[in-house]
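The values are calculated or read from the model by the stated rules, or taken from the named source; none is laboratory data. Since we're looking at a predicted model, the values are computed, not measured. With ideal geometry, Cβ positions are generated from the backbone for all residues, glycine too; neighbour counts draw on all protein chains shown. Remember, those area values only see protein heavy atoms, side chains included, never the ligands or the DNA or RNA. Shrake-Rupley method; radii C 1.70, N 1.55, O 1.52, S 1.80 Å.
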Amino acid sequence: MIRVDGVGYRVGKKELLHQVSFEALSGQLVSIIGANGAGKSSLLKLLCGDQKASSGEIWIKERRIDDYHLGEMARFRAVLSQHNTLSLSFTVKELVLMGRYPHFGSQPTPSDIEIVDSALGEVGMLLCRNRAYHTLSGGEQQRVQVARVLAQVYDQPEGILLLDEPTNGLDMLYQQQVLQLARNLADRGYCVVSILHDINYAARFSDKILMLKDGHEMAFGRPAEVVNCDTIHQVFGIKVRLVPYEHCGCPLVVPEI
(Lines give C-alpha, C1' and ligand atoms only; values in the text may rest on other atoms or scores of the structure.)
Protein backbone atom coordinates (compact mmCIF):
# COMPACT_ATOMS: atom_id res chain seq x y z
CA MET A 1 0.00 0.00 0.00
CA ILE A 2 2.74 2.47 1.01
CA ARG A 3 6.42 2.13 0.16
CA VAL A 4 9.00 4.72 1.18
CA ASP A 5 12.38 4.36 -0.56
CA GLY A 6 15.34 6.36 0.74
CA VAL A 7 13.33 9.50 1.36
CA GLY A 8 15.03 12.72 2.40
CA TYR A 9 13.45 16.09 3.13
CA ARG A 10 15.14 19.47 3.46
CA VAL A 11 13.85 22.91 4.34
CA GLY A 12 16.50 25.41 3.29
CA LYS A 13 19.78 24.06 4.63
CA LYS A 14 18.14 22.02 7.39
CA GLU A 15 17.76 18.31 6.73
CA LEU A 16 14.61 17.06 8.48
CA LEU A 17 14.65 13.50 7.09
CA HIS A 18 17.56 11.43 5.79
CA GLN A 19 17.33 8.17 3.80
CA VAL A 20 14.15 6.85 5.45
CA SER A 21 12.75 3.58 4.06
CA PHE A 22 9.84 1.42 5.19
CA GLU A 23 6.66 -0.29 4.01
CA ALA A 24 3.10 -0.23 5.35
CA LEU A 25 0.88 -2.94 3.91
CA SER A 26 -2.84 -3.53 3.68
CA GLY A 27 -4.01 -4.98 6.98
CA GLN A 28 -1.17 -3.41 8.97
CA LEU A 29 -0.97 -0.72 11.63
CA VAL A 30 2.45 0.96 11.50
CA SER A 31 3.39 3.38 14.27
CA ILE A 32 6.02 6.11 13.95
CA ILE A 33 7.67 7.05 17.23
CA GLY A 34 10.54 9.26 18.31
CA ALA A 35 11.39 12.24 20.47
CA ASN A 36 10.17 15.75 19.65
CA GLY A 37 11.88 17.01 16.50
CA ALA A 38 12.63 13.51 15.23
CA GLY A 39 10.88 14.15 11.91
CA LYS A 40 7.64 12.26 12.55
CA SER A 41 5.25 14.98 11.39
CA SER A 42 7.49 15.87 8.44
CA LEU A 43 7.33 12.25 7.28
CA LEU A 44 3.55 12.16 7.63
CA LYS A 45 3.25 15.36 5.57
CA LEU A 46 5.18 13.66 2.79
CA LEU A 47 2.88 10.63 2.95
CA CYS A 48 -0.14 12.96 2.80
CA GLY A 49 1.20 14.70 -0.29
CA ASP A 50 1.26 18.05 1.51
CA GLN A 51 5.02 18.33 0.90
CA LYS A 52 7.37 16.79 -1.65
CA ALA A 53 10.41 14.77 -0.74
CA SER A 54 13.80 16.28 -1.56
CA SER A 55 15.15 12.84 -2.47
CA GLY A 56 13.94 9.26 -2.72
CA GLU A 57 10.45 8.13 -3.71
CA ILE A 58 7.10 7.42 -2.08
CA TRP A 59 4.78 4.84 -3.68
CA ILE A 60 1.07 4.57 -2.91
CA LYS A 61 -0.70 1.48 -4.26
CA GLU A 62 2.18 0.86 -6.68
CA ARG A 63 2.03 4.41 -8.11
CA ARG A 64 4.35 7.27 -7.30
CA ILE A 65 2.61 9.72 -5.02
CA ASP A 66 3.39 12.58 -7.43
CA ASP A 67 1.29 10.83 -10.10
CA TYR A 68 -1.92 11.26 -8.08
CA HIS A 69 -4.25 14.23 -8.12
CA LEU A 70 -5.21 15.13 -4.54
CA GLY A 71 -8.90 14.60 -5.35
CA GLU A 72 -8.19 11.08 -6.58
CA MET A 73 -6.16 10.19 -3.51
CA ALA A 74 -8.79 11.71 -1.19
CA ARG A 75 -11.23 9.00 -2.19
CA PHE A 76 -9.17 6.27 -0.52
CA ARG A 77 -6.74 8.13 1.79
CA ALA A 78 -7.79 10.10 4.87
CA VAL A 79 -5.63 12.23 7.17
CA LEU A 80 -6.12 13.15 10.81
CA SER A 81 -3.99 16.22 11.47
CA GLN A 82 -2.54 17.07 14.85
CA HIS A 83 -4.30 20.45 15.02
CA ASN A 84 -7.86 20.97 13.78
CA THR A 85 -9.31 24.46 14.07
CA LEU A 86 -12.63 25.71 12.70
CA SER A 87 -13.54 29.35 12.09
CA LEU A 88 -17.22 28.55 11.38
CA SER A 89 -19.81 26.77 13.50
CA PHE A 90 -20.76 23.28 12.35
CA THR A 91 -22.77 20.52 13.92
CA VAL A 92 -21.04 17.24 14.61
CA LYS A 93 -22.80 15.46 11.73
CA GLU A 94 -21.94 18.31 9.31
CA LEU A 95 -18.28 18.06 10.23
CA VAL A 96 -18.15 14.28 9.84
CA LEU A 97 -20.02 14.58 6.53
CA MET A 98 -17.05 16.61 5.24
CA GLY A 99 -15.18 13.33 5.13
CA ARG A 100 -17.62 12.16 2.46
CA TYR A 101 -17.11 15.19 0.17
CA PRO A 102 -14.72 13.35 -2.20
CA HIS A 103 -17.42 10.73 -2.83
CA PHE A 104 -20.50 12.73 -3.84
CA GLY A 105 -21.43 15.68 -6.02
CA SER A 106 -23.75 18.42 -4.81
CA GLN A 107 -25.77 16.31 -2.37
CA PRO A 108 -24.89 13.37 -0.10
CA THR A 109 -26.66 10.09 -0.74
CA PRO A 110 -28.53 8.07 1.90
CA SER A 111 -25.47 5.80 1.97
CA ASP A 112 -23.25 8.78 2.87
CA ILE A 113 -25.55 9.65 5.78
CA GLU A 114 -25.50 6.04 6.99
CA ILE A 115 -21.70 6.05 6.88
CA VAL A 116 -21.59 9.26 8.94
CA ASP A 117 -23.79 7.68 11.61
CA SER A 118 -21.74 4.47 11.57
CA ALA A 119 -18.47 6.38 11.99
CA LEU A 120 -19.91 8.41 14.86
CA GLY A 121 -21.16 5.22 16.47
CA GLU A 122 -17.71 3.66 16.29
CA VAL A 123 -16.17 6.54 18.27
CA GLY A 124 -19.07 6.78 20.73
CA MET A 125 -20.37 10.15 19.52
CA LEU A 126 -23.61 9.24 17.72
CA LEU A 127 -25.83 10.78 20.41
CA CYS A 128 -24.00 14.09 19.90
CA ARG A 129 -24.57 14.19 16.12
CA ASN A 130 -26.77 17.34 16.31
CA ARG A 131 -24.63 19.27 18.78
CA ALA A 132 -22.51 22.24 17.74
CA TYR A 133 -18.91 21.11 17.39
CA HIS A 134 -17.50 24.05 19.35
CA THR A 135 -19.57 23.11 22.44
CA LEU A 136 -17.73 19.80 22.81
CA SER A 137 -14.77 19.18 25.08
CA GLY A 138 -11.31 18.83 23.54
CA GLY A 139 -11.43 15.05 23.84
CA GLU A 140 -14.91 14.89 22.28
CA GLN A 141 -13.76 17.09 19.41
CA GLN A 142 -10.84 14.73 18.79
CA ARG A 143 -13.20 11.75 18.63
CA VAL A 144 -15.38 13.60 16.10
CA GLN A 145 -12.30 14.29 13.98
CA VAL A 146 -11.46 10.58 14.08
CA ALA A 147 -15.02 9.87 12.91
CA ARG A 148 -14.54 12.33 10.02
CA VAL A 149 -11.47 10.59 8.65
CA LEU A 150 -13.06 7.19 9.26
CA ALA A 151 -16.13 8.25 7.25
CA GLN A 152 -13.88 9.31 4.38
CA VAL A 153 -12.60 5.77 3.81
CA TYR A 154 -15.40 3.79 5.45
CA ASP A 155 -16.52 2.06 2.25
CA GLN A 156 -13.01 1.70 0.79
CA PRO A 157 -11.91 -1.89 1.55
CA GLU A 158 -8.23 -1.03 1.03
CA GLY A 159 -8.31 2.51 2.33
CA ILE A 160 -5.37 4.31 3.94
CA LEU A 161 -5.55 6.19 7.23
CA LEU A 162 -2.77 8.58 8.25
CA LEU A 163 -3.08 9.64 11.88
CA ASP A 164 -0.98 12.36 13.51
CA GLU A 165 -1.18 11.72 17.26
CA PRO A 166 -4.77 10.42 17.28
CA THR A 167 -4.81 10.09 21.09
CA ASN A 168 -3.95 13.76 21.63
CA GLY A 169 -6.31 15.31 24.19
CA LEU A 170 -7.99 12.01 25.11
CA ASP A 171 -8.15 10.42 28.54
CA MET A 172 -6.83 6.92 29.10
CA LEU A 173 -10.14 5.20 28.28
CA TYR A 174 -10.60 6.92 24.93
CA GLN A 175 -6.92 6.61 24.05
CA GLN A 176 -7.33 2.87 24.22
CA GLN A 177 -10.66 2.97 22.38
CA VAL A 178 -9.25 5.04 19.51
CA LEU A 179 -6.19 2.81 19.18
CA GLN A 180 -8.37 -0.31 19.34
CA LEU A 181 -10.45 1.22 16.54
CA ALA A 182 -7.28 1.78 14.50
CA ARG A 183 -6.28 -1.83 15.22
CA ASN A 184 -9.73 -3.09 14.14
CA LEU A 185 -9.53 -1.08 10.91
CA ALA A 186 -6.17 -2.63 10.10
CA ASP A 187 -7.65 -6.06 10.79
CA ARG A 188 -10.43 -5.22 8.30
CA GLY A 189 -7.83 -4.58 5.59
CA TYR A 190 -7.03 -0.89 5.95
CA CYS A 191 -3.48 0.41 5.93
CA VAL A 192 -3.03 2.58 9.03
CA VAL A 193 0.03 4.73 9.73
CA SER A 194 0.01 6.61 13.02
CA ILE A 195 2.33 8.88 14.97
CA LEU A 196 2.35 7.90 18.64
CA HIS A 197 4.28 9.09 21.67
CA ASP A 198 3.54 6.20 24.00
CA ILE A 199 5.91 3.29 23.31
CA ASN A 200 3.72 0.83 25.20
CA TYR A 201 0.64 1.72 23.14
CA ALA A 202 2.71 1.43 19.97
CA ALA A 203 3.99 -1.99 21.01
CA ARG A 204 0.55 -3.23 22.00
CA PHE A 205 -1.43 -2.18 18.93
CA SER A 206 1.07 -2.05 16.05
CA ASP A 207 2.26 -4.62 13.54
CA LYS A 208 5.41 -2.61 12.84
CA ILE A 209 7.16 0.31 14.52
CA LEU A 210 9.36 2.90 12.81
CA MET A 211 11.74 4.70 15.20
CA LEU A 212 13.19 8.05 14.14
CA LYS A 213 15.88 10.22 15.67
CA ASP A 214 16.91 13.59 14.22
CA GLY A 215 15.40 12.58 10.89
CA HIS A 216 17.26 9.27 10.70
CA GLU A 217 15.67 5.84 10.72
CA MET A 218 16.93 4.05 13.82
CA ALA A 219 14.82 0.88 13.62
CA PHE A 220 11.90 -0.62 11.74
CA GLY A 221 10.27 -3.95 12.47
CA ARG A 222 7.88 -5.86 14.67
CA PRO A 223 7.52 -4.50 18.22
CA ALA A 224 9.29 -7.53 19.67
CA GLU A 225 12.23 -6.82 17.36
CA VAL A 226 12.71 -3.08 17.91
CA VAL A 227 11.45 -2.38 21.43
CA ASN A 228 14.56 -3.00 23.51
CA CYS A 229 16.58 -1.06 26.04
CA ASP A 230 19.45 -0.14 23.71
CA THR A 231 17.29 1.18 20.88
CA ILE A 232 15.05 3.18 23.22
CA HIS A 233 18.11 4.70 24.87
CA GLN A 234 19.48 5.70 21.46
CA VAL A 235 16.18 7.18 20.26
CA PHE A 236 14.93 8.89 23.42
CA GLY A 237 18.09 9.31 25.50
CA ILE A 238 16.53 7.59 28.49
CA LYS A 239 17.42 4.36 30.26
CA VAL A 240 14.52 1.93 30.63
CA ARG A 241 13.84 -1.60 31.72
CA LEU A 242 11.46 -4.12 30.20
CA VAL A 243 8.79 -5.80 32.29
CA PRO A 244 7.24 -9.05 31.01
CA TYR A 245 3.55 -8.67 30.08
CA GLU A 246 1.75 -11.89 29.33
CA HIS A 247 -1.15 -10.31 27.43
CA CYS A 248 1.06 -8.68 24.80
CA GLY A 249 3.72 -9.99 22.47
CA CYS A 250 6.08 -7.31 23.76
CA PRO A 251 7.16 -6.39 27.32
CA LEU A 252 6.15 -3.16 29.03
CA VAL A 253 8.67 -0.31 28.93
CA VAL A 254 9.21 1.57 32.18
CA PRO A 255 11.81 4.26 33.01
CA GLU A 256 14.75 3.07 35.05
CA ILE A 257 14.75 4.67 38.47
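Counting only Cα, what are the radius of gyration and maximum Cα-Cα distance Dmax of the chain, in Å?
Computed over the Cα atoms of the chain, radius of gyration and Dmax are 18.4, 60 Å.
Where only protein heavy atoms count, and the probe is 1.4 Å, what is the accessible area per residue for the stretch 60-210 in Å²?
For the stretch 60-210, the per-residue accessible area is 46 Å².
Which order do the peptides 222-234, 88-100 come out in when sorted by mean C-beta neighbours inside 10 angstrom, highest first?
So the peptides 222-234, 88-100, ranked by packing, come out 88-100, 222-234.
So what J values fall out for the stretch 201-206 if you push phi through Karplus, 6.51 cos²θ - 1.76 cosθ + 1.60 with θ = phi - 60°, rounded to Hz, Gly and Pro as x?
Each residue's phi maps through the Karplus curve to give 5, 4, 5, 6, 9, 8 Hz.
R0 = 35 Å: FRET efficiency of Leu127 with Ser55, Cβ-based, nearest 0.05?
Numbers: r = 49 Å, r/R0 = 1.40.
It comes out at approximately 0.10.
Out of residues 5 or more away from Ala219 or on other chains, whose amide H comes under 5 Å of its own, with H placed 1.01 Å from N in the peptide plane?
Excluding prolines and chain starts, which carry no amide H, the hits are Met211.
Ignoring ligands, DNA and RNA, what percent of the accessible area of the stretch 1-79 is carbon or sulfur (1.4 Å)?
45 percent
Ignoring ligands, DNA and RNA, please state the percent of accessible area on the stretch 105-216 from carbon and sulfur, probe 1.4 Å. Don't skip to the answer; put the middle values down first.
Numbers: 2250 of 4590 Å².
Roughly 49 percent, rounded to a whole number.
Whole-Hz ³J(HN,Hα) for each residue in the stretch 115-129, computed from phi via Karplus 6.51 cos²θ - 1.76 cosθ + 1.60 with θ = phi - 60°, x for glycine and proline: what do you get?
Karplus values, whole Hz, x for Gly and Pro: 5, 4, 5, 5, 5, 5, x, 5, 9, x, 10, 4, 5, 9, 4.
Among all the lysines, which ones have a C-alpha under 29 Å from Lys45's C-alpha, if same-chain residues fewer than 8 places away are not counted?
By straight Cα distance, Lys45 reaches Lys13, Lys14, Lys61, Lys93, Lys208, Lys213.
What figure, in Å² to the nearest 10, do you get for the accessible area of Glu23 with a 1.4 Å probe and non-protein molecules left out?
Taking all protein chains as shown, Glu23 has close to 80 Å².
Could you pull out every residue, at least 5 positions away or on a different chain, whose amide H is within less than 5 Å of the one on Leu252? Hs are placed 1.01 Å off N in the peptide plane, and Pro or chain starts have none.
Distant-sequence amide H within range of Leu252: Val243, Tyr245.
Taking one equal scatterer on every alpha-carbon of the stretch 135-257, how large is log10 of I(q)/I(0) by Debye at q = 0.12, 0.13 1/Å?
For the requested q values the scattering log ratios are -0.50, -0.58.
If packing is taken as the average number of other Cβ atoms within 10 Å across a peptide's residues, how do 44-52, 144-152 rank, most packed first?
Highest mean packing first, the order is 144-152, 44-52.
With a 1.4 Å probe and all protein chains in place, put Val4, Val79 in order of accessible area, largest first. Numbers along the way, then the final one.
On the way: Val4 0, Val79 30 Å².
These residues rank, largest area first, as Val79, Val4.
With no solvent and one equal point scatterer placed on each C-alpha of the stretch 1-121, evaluate the Debye formula and give log10 I(q)/I(0) for q = 0.12, 0.13, 0.17, 0.23 Å⁻¹, two decimals.
The Debye formula, applied to the Cα set alone, gives -0.58, -0.67, -1.01, -1.35.
Just to verify a number: what accessible area does Tyr133 come out at with the full protein assembly present, 1.4 Å probe, Å² rounded to tens?
Counting only protein heavy atoms, the figure is 10 Å².
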